[in-house]
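What follows is a short report on a single structure.
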Amino acid sequence: MNTEKDTIAAICTGLTGSGINIIRISGDNAFDIADKVFRSATGKKIADMGCFSVHYGYIEEPVSDSNNIGRNENVRTIDEVLLLKMKAPHSYTREDVIEIDCHGGILVTKRILELVLKNGARLSEPGEFTKRAYLNGRIDLSQAEAVIDIINAKSNFALKNSVKQLKGQIKDKIIALRERLISKTAYIEAALDDPEHISLDGFTDELEPEMKIVLSELNKLIASSDDGRLINEGINTCILGLPNAGKSSLLNALLEEDRAIVTDIAGTTRDVLKETVTFSDVVLNIIDTAGIRDTEDVIEKIGVDKAKKEAENANLILYVVDLNEGLNEKDCEILKEIKDKKIIIVYNKSDLSSGSDNTVDKIAKVDSAGSVMISSLTGEGIDELKNMIKSLFYSGSITNEEDVIITNERHRELLISAKQSVDNVISGIEAGVSEDFLTIDMMDAYEALGRIIGESVEDDLADRIFKDFCMGK
Ligand SMILES: Nc1nc2c(ncn2[C@@H]2O[C@H](COP(=O)(O)OP(=O)(O)OP(=O)(O)O)[C@@H](O)[C@H]2O)c(=O)[nH]1
Ligand SMILES: [Mg+2]
């Protein structure tokens, strides 16, 4: 990625034809370039405008041909716009920034961008505005990553969590943990340098509880990532069961539309069908599969194999059973194969059930996270199923507003690495290892945590993170 201090520009909005589009310019020459393409209705030059101000005017380009339809012979008006001036450091990038709000047509937006580029800006790379915000110290790396997460958020939970991260929730937590590590390391280093005045006698009695606090905080953060990531990215949910149990009907009921084909012919679903279902902050990446049975039908057999594969990769299995048939041996065989997964047994067709005693008899005790009776036909029990899914994944820290929830895999890996180093410190203390050795692991933990917020992060890693951004962000 080009990291020079040149002035960059890009269209920040989706080029789909909309009410308005925004073209952003950032860098030392942003104001000069804006002066060349923008004529304020008041005649003001950019330098005379307030540090943080909005101005009405026109985007104009010079013309030499006779088809000039603009204001006078020398310029052609391309659009009527609003221009926002943000003087450094009071901007997203901490550089001089101009935003041009133009009409939302694809052609007009592209023409304005071309004009801006012709007048000295360079087309930005994906994520380059946010990268500059990071390089110029306005946000740390965890906050920059929160920006992508906000853009990609699929649920209110994911959005809320990303906003907390953008406000610096992870940064603050990491800084506090690093402070505990560095202050103790600094003391040890000072004592080693000046043993006559600073004593390490009994210091490990003080160090051990401190390291145990750090360890417990790290454990909490790592634990939050298990469900946090799933909730952020969506819970991969596989609907499994025997043919005709009502799997496709359940998918339709959750989606509240007739998406999958439903018939009373066993073996209706052949291929896997993927859909996203969202309800009260939960995102399910849901897969309807072919009913599992031994079959000679070549196509159905492929479908059954695919179903088994999808089940292996799922975070949650909704195992559908026809309540009136009850669980049979084949069901138990399948359930045994997937026993390590989070499974909810969904007893379907409750509307056909002939009576509660009869029903209870048919529900065998199987090892699962829970079971629920539903009717995909009438919708009975669907809310109960949704609540069950929610409580299965939203527990402990996930529901506590104050707690930091780790949703980023990079952060999780660094936390695990920091935890291993802190584990080494604690076992080192218990084994009576000398303090100078302990500081090696303390500094390893300190550095791993630093990489979460972007300290001592190599350029290529930062480049990789920002490449995931969209254009203009
Ligand atoms: N009465 C009643 N019928 C249902 C219910 N759910 C599904 N059915 C019926 O059961 C039959 C099978 O439903 P599907 O949803 O196609 O079953 P499936 O498990 O996807 O079947 P395959 O794709 O063949 O494996 C259809 O005739 C549905 O109308 C329910 O809750 N109540
Ligand atoms: Mg089906």
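Any read-out appearing in this document is the output of simple, stated calculations on the displayed coordinates, not a laboratory observation. All figures in this text were calculated on a predicted structure; none of them were measured in a lab. A quick note on method: Cβ atoms are made from the backbone with ideal geometry, for glycine too, and the neighbour counts reach across all protein chains shown.
Note on the stretch 67-206: along the principal axes its Cα atoms extend 88, 38, 21 Å, ordered by decreasing extent. Over all Cα atoms in the stretch 8-139, the spread is summed up by Rg and Dmax: 14.5, 50 Å. Just how far, in whole angstrom, is the stretch 69-119 from the stretch 303-357 if you go by their alpha carbon centroids? If you average the Cα positions of each part, the centres end up 58 Å apart. Could you give log10 I(q)/I(0) at q = 0.14, 0.30 Å⁻¹ for the stretch 254-295, computed by the Debye formula over C-alpha point scatterers of equal weight, without solvent? Reported log10 I(q)/I(0), two decimals: -0.39, -1.13. Taking the inverse of the mean reciprocal distance over all distinct Cα pairs, the Kirkwood hydrodynamic radius of the stretch 213-343 comes to 15.8 Å.
Converting the Cα gyration tensor eigenvalues of the stretch 268-316 into ellipsoid dimensions via √(5λ) gives semi-axes, longest first, of 25, 10, 7 Å.
The P(r) of the chain has a tail past 39 Å containing 48 percent of all C-alpha pairs.
What's the extension gain from residue 80 to residue 436 if we count 0.36 nm per residue and subtract their Cα-Cα distance?
Residue separation times 0.36 nm, minus the Cα-Cα distance, leaves 121.4 nm.
Taken one residue at a time, the phi angles of the stretch 7-19 give Karplus couplings (6.51, -1.76, 1.60, θ = phi - 60°) of 8, 10, 8, 6, 7, 8, 9, x, 7, 10, x, 8, x Hz. Gly and Pro are set to x.
In the stretch 217-280, what is the volume of the convex hull around the alpha carbon atoms, normalised per residue and reported in Å³? Present the calculation step by step, with values, prior to reporting the outcome.
Numbers: hull volume 6.7 nm³, N = 64.
Cα convex hull per residue, to the nearest whole number: 105 Å³.
Of the residues 93, 22, 12, the one whose Cα sits farthest toward the positive end of the charge dipole of the stretch 8-139, with +1 on the Cβ of Lys and Arg and -1 on the Cβ of Asp and Glu, is 93.
Over the chain, dividing the summed -39,500 (n - 2.57) contributions of all DSSP H runs of at least 4 residues by the number of residues returns a 222 nm mean residue ellipticity of -14500 deg cm²/dmol. Applying a threshold of 28 Å to the alpha-carbon distances of 247/339; 154/330; 110/171; 85/110; 87/154 flags 154/330; 110/171; 87/154 as lying beyond it.
About the Cα centre of the stretch 129-187, what is the dipole size in debye to 20, counting +1 per Lys and Arg Cβ and -1 per Asp and Glu Cβ, all else neutral?
Numbers: 12 positive and 5 negative charges, 13 e Å.
The calculation lands at about 60 debye.
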